[in-house]
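Everything below concerns the one structure shown next.
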Amino acid sequence: MKSIKKISLVVLAAVLSITFANAQVGVQAGYSMMKSTVDNSKASNGFHVGPIYNMSLQGPISLQYGLLYNLYVASSSTDKVLNSWVTTTNTNHQIDIPVRVAGTFPLSSGLSAFVFAGPNFNLGLAGKTSVATYVDGKKSDKLSGSGKDIYEDKDLSRFNLQLGLGAGLQFNNMGVKASYDFGLLDMYKSDLLDYKVNGLKVGLFYNF
């Protein structure tokens, strides 16, 4: 896992250093979802926003990449027993750096479709799990340990490498795209479960 991380970071640094100066700049924002591969895990929904870049390589082939901030929130509650229940809220802040090879196909004047595939480099910034109890419909104190940064757990990796694909439509300088990324790394070092995290994005973009 460590060797994969090192190779991924070297490739990422090389790609960005070569292409940032020559790229067409835009901005993207939209819906984000992440879900682990563990059975019955609840999906976290949120949004993403950030700059994107596009560099033409050869003919219809281009390199698309970006720097996207993500905020995810997931909340769940236990069944009510005697008007009492427990609510768990997970909040996660992450950065995505997708690096995609794309192929573009003109459809009509100003309108084109494109498909893309490639890695996504994901970094966890901060995350909290808050657990609160409700007794007789009134909120009590948070449970012990609630609200701590999840990345204080040294067994949990902040870095995730994903491999994804997607497609989109562009009209002149604006468009829409959707992508799905499959997690490649086990995010917990000692967990017996193979805890990988996948992600979905649907966003609108505008190129300046």
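Annotation: amide H-H contacts under 5 Å for ARG100 (H modelled 1.01 Å from N, sequence separation of 5 or more, or interchain): GLN64, TYR65.
For TYR31 and ASP194, what does the FRET efficiency come to when R0 = 30 Å and r is the distance between their Cβ atoms, rounded to the nearest 0.05? With a Förster radius of 30 Å, E is 0.65. Charged neighbours of SER44, selected by a Cβ distance under 15 Å, balance to +3 (K, R count +1; D, E count -1).
Exactly which trypsin sites (Lys or Arg not before Pro) in region 99-208 are in a DSSP loop and have at most 13 other Cβ atoms within 10 Å? In loop regions of region 99-208 (DSSP not H, G, I, E or B), the sparsely surrounded trypsin sites (Lys or Arg not before Pro) are LYS148, LYS154, LYS189. Among beta bridges identified by DSSP and lying wholly in region 82-139, the antiparallel ones come to about 100 percent.
Structure shown: which of LYS128/LYS189; LYS80/LYS201; LYS138/LYS189; LYS35/LYS177; LYS138/LYS201 lie over 29 Å apart, alpha-carbon to alpha-carbon? Flagged as over cut-off: LYS80/LYS201; LYS138/LYS189; LYS138/LYS201. Per-residue Karplus couplings for region 50-67, computed as 6.51 cos²θ - 1.76 cosθ + 1.60 with θ equal to phi - 60°, are listed in order as x, x, 10, 9, 9, 10, 5, 10, 7, x, x, 8, 9, 10, 10, 8, x, 9 Hz, Gly and Pro entered as x.
3J(HN,Hα) along region 182-187: 9, x, 9, 10, 6, 6 Hz, from the Karplus curve 6.51 cos²θ - 1.76 cosθ + 1.60 with θ = phi - 60°, whole Hz, x for Gly and Pro. The residues neighbouring ALA167, those whose beta-carbon lies less than 15 Å from its own, together hold a net charge of +2 under the Lys/Arg +1, Asp/Glu -1 convention. Each residue of region 171-177 is assigned a 3J(HN,Hα), and the resulting list reads 10, 6, 9, 10, x, 9, 9 Hz, derived from the Karplus form 6.51 cos²θ - 1.76 cosθ + 1.60 (θ = phi - 60°), x at Gly and Pro.
Counting only other residues whose beta carbon sits under 13 Å from that of VAL73, what net charge do I get with K and R as +1, D and E as -1? For residues surrounding VAL73, the net value is +2. Size descriptors for region 62-208 (Cα atoms only): Rg and Dmax, in that order, 20.1, 64 Å.
Taken together, the values in this text are just the output of simple stated rules run on the coordinates, not laboratory data. A quick note: this is a predicted structure, and the numbers were derived from the prediction, not measured. Cβ coordinates were reconstructed from backbone atoms using ideal geometry, including for glycine residues, and neighbour counts include every protein chain displayed.
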